[in-house]
Amino acid sequence: MKPVVINSPDQTKERKRLDKDNHFIDYVENNKFKDLGKDKKYYLYTYGCQENESDSEKIRGLMESMSFSKCDNLDETDVILMNTCAIRKNAEDKVFGELGRLKQLKRKKPELIVGLGGCMAQEESVVNKILTKYQNVDFVFGTHNLHNLPNLIARVMENKERVVDVLSYEGSVVENVPLVRESNIKAWIPIMYGCDEFCTYCIVPYTRGKERSRLPENIIKEATDLANQGYKEITLLGQNVNAYGKDFTDRTYDFADLLNDLAKINIPRIRFTTNNPKDFDDRQIEAVKNAKNIMNAIHLPVQSGSNKVLKKMNRKYSKESYIELVDKLYKAIPDVSITTDIIVAFPYEDDNDFNETLDLVKRCKFEGAFTFIFSKREGTPAAKYVDENITEEIAYQRLYKLNEVVNEGYKNGMMRFLNKTVKVLIEGRSKNQKNVLMGYTENNKLVNVLGDEKYIGQIVDVKITDAKTWSLDGEIVNE
Ligand code: 5AD
Ligand code: SF4
């Protein structure tokens, strides 16, 4: 079937930031589609970051507004949706692997509809590959027009068309998209979309458009509503939350202002991610320090401990300024847990650069890190960097070495809570042991405790009895 290409992705357009204004759109439900999914089911795959998890809650909201019901069994579903991630090649390989497996299902059930959205849909190479090699994909939708999903599904179902609708532009801020949240204890709140940093390795600025902040009044209302519904924790989301508000032209209001305003809401826990060291300023540190309900856990991606590599990455800060920020955080918030992201084997990283990264990890006393081998992303500047000195073997050796040091940090971060009593938000039952409950401390440490289901959704005092590398064990003390 010849595909109908309404809009197709163009990464070169994404690089441009011509339209400086923010465009705010209010989603309006189209009653025409209200019963489109009656007696039909959808199955949703979510890959990647919290931003995608948050988008998936909108996908659920949109599907359920058309009367589709969610299902967990691929054999029973009428529609399959994939919310994909493009950050590294292995994230994409996973999706293509799954699409390959779904070919069989589609052969058994030709009326099955498969849609692919998320960051991969924003890449030309991916869309071309899907159009030629994955005939089992019926429609492709991008990150910018997620709210248009009902129209697209209707087109595919009613006209039996194959459709591609992916916009490549600065993007807008769409409010009031219906959503179905995964949890009734913790909630994501996106505070901004997109990214203007253009770190040379990163595909995000090409898949999610320019940095654009939601209006504070909408964020504060959402947080207040969640608090009134009994939610215990909110996590503010953005690719660089520290730059929140810098794009406003009609007001001066930044991330510190937002933190100060949200701290006044009666919600026990506020988290935020992810941070960019270059924009984390003193007022933001003060806000975290002063608010009891802003948690002492900060994810502060450093990427490398070498100034030479940071420069090649276009990170816009130095090792020294990063360390200064970390020192300030420890001084202002002595109990803080700092975690980070690190990329090894970036082109031109030599042994000295890598050793500087190891030293920095020790110096900053990180209590955890996501560590990655550099992955070439087509269309980004670093994809053109050539460094034949870094073989796959060297890359894996560096990752292994780094993880050894990082794991020490994890362990130290856990050990400091041994025999202490900490507050744990109990989220549910542990996956592995039936009579064990799991939750997180204020510092974001995973804790397992014996206890009754009645504690789920509660913040309880827990005495820590054992500290492992990845988790703590404890006993509830406030019976
Ligand atoms: N290769 C490896 N890691 C990457 N990240 C982003 N882009 C790449 C890439 N091309 C990592 C960064 C970022 C995290 C979300 O993913 O460390 O902070
Ligand atoms: Fe990617 Fe850098 Fe933006 Fe983070 S700040 S999303 S690493 S470009």
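The values are calculated or read from the model by the stated rules, or taken from the named source; none is laboratory data. On a predicted model such as this, the values are computed, not experimentally measured, just so you know. Here Cβ is always computed from backbone atoms with ideal geometry, including for glycine, and neighbour counts include all displayed protein chains. Just the protein is used for accessible areas: all its heavy atoms, side chains included, with ligands, DNA and RNA removed. Shrake-Rupley method; radii C 1.70, N 1.55, O 1.52, S 1.80 Å.
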Over 23 Å apart: what share of the alpha carbon pairs of segment 374-479 falls there, rounded to a whole percent?
46 percent
Note, residue 469: beta-carbon cut-off 10 Å, +1 each Lys/Arg, -1 each Asp/Glu, net +1
Step through the table entries 232/431; 94/376; 13/308; 89/312, compare each Cα-Cα distance with 18 Å, and write down the pairs that go over it.
232/431; 13/308; 89/312
Kindly sort 348, 201, 385 by accessible area of their heavy atoms, largest first, with the probe set to 1.4 Å.
348, 385, 201
First measure r as the distance between the Cβ atoms of residue 111 and residue 341, then evaluate 1/(1 + (r/R0)^6) with R0 = 41 Å and state the FRET efficiency to the nearest 0.05.
0.45
Assuming R0 = 41 Å, can you tell me the calculated FRET efficiency for the pair residue 10 and residue 419, based on Cβ-Cβ distance, to the nearest 0.05?
0.10
For residue 373, distant residues with modelled amide H under 5 Å away
344
Might you report the magnitude of the Cβ-based charge dipole of segment 325-414 about its Cα centre, with Lys and Arg at +1 and Asp and Glu at -1, to the nearest 20 debye?
420 debye
Using the Cα gyration tensor of segment 317-425, with a ≥ b ≥ c the square roots of its eigenvalues, what is the shape: rounded (a/c below 1.5), prolate (a/b larger than b/c) or oblate (neither)?
prolate
Global form of segment 48-181, assessed from the alpha-carbon gyration tensor, a/c cut-off 1.5:
rounded
Residue 168: accessible area at probe 1.4 Å, nearest 10 Å²?
20 Å²
Hey, if you put +1 on the Cβ of every Lys and Arg and -1 on every Asp and Glu Cβ in segment 123-249, which of 136, 231, 205 ends up farthest toward the positive end of that dipole?
136
Extreme residue, positive dipole direction of the chain, given options 12, 325, 220 (C-beta unit charges):
12
Under the rule that a partner needs its Cβ under 4.7 Å from the first Cβ, which Cys of the chain have none?
49, 71, 85, 119, 195, 364
Over the chain, what is the relative contact order in percent, taking alpha-carbon pairs closer than 8 angstrom and at least six residues apart?
11 percent
Roughly how many Å² is the accessible area per residue of the chain, as a whole number, for a 1.4 Å probe?
45 Å²
When a/c reaches 1.5 or more, the comparison of a/b and b/c decides; with that in mind, is segment 181-235 rounded, prolate or oblate per its Cα gyration tensor?
prolate
Given charges at beta-carbon only (K, R positive; D, E negative), |dipole| of segment 314-355 in Debye
280 debye
Quickly estimate the mean residue ellipticity at 222 nm for the chain, helices only: each DSSP H run with n ≥ 4 gives -39500 (n - 2.57), and the total goes over all residues, rounded to 500.
-10000 deg cm²/dmol
Roughly how far apart, in whole Å, are the Cα centres of segment 410-462 and segment 199-229?
29 Å
Positive end of the dipole of segment 259-315, charges at C-beta (+1 Lys, Arg; -1 Asp, Glu), about the Cα centre: which of 307, 294, 263 has its Cα farthest in that direction?
307
How large, in percent, is the carbon and sulfur part of the accessible surface of the chain at a probe radius of 1.4 Å?
48 percent
Reported to the nearest 10 Å², residue 324 has, with a 1.4 Å probe, an accessible area equal to 110 Å²
Residue 415: accessible area at probe 1.4 Å, nearest 10 Å²?
80 Å²
If you place +1 on the Cβ of every Lys and Arg and -1 on the Cβ of every Asp and Glu, how big does the dipole about the Cα centre of segment 128-238 come out, in debye to the nearest 20?
320 debye
For the chain, give the share of DSSP beta bridges that are antiparallel, in percent and rounded to the nearest 5; count only bridges with both residues there.
30 percent
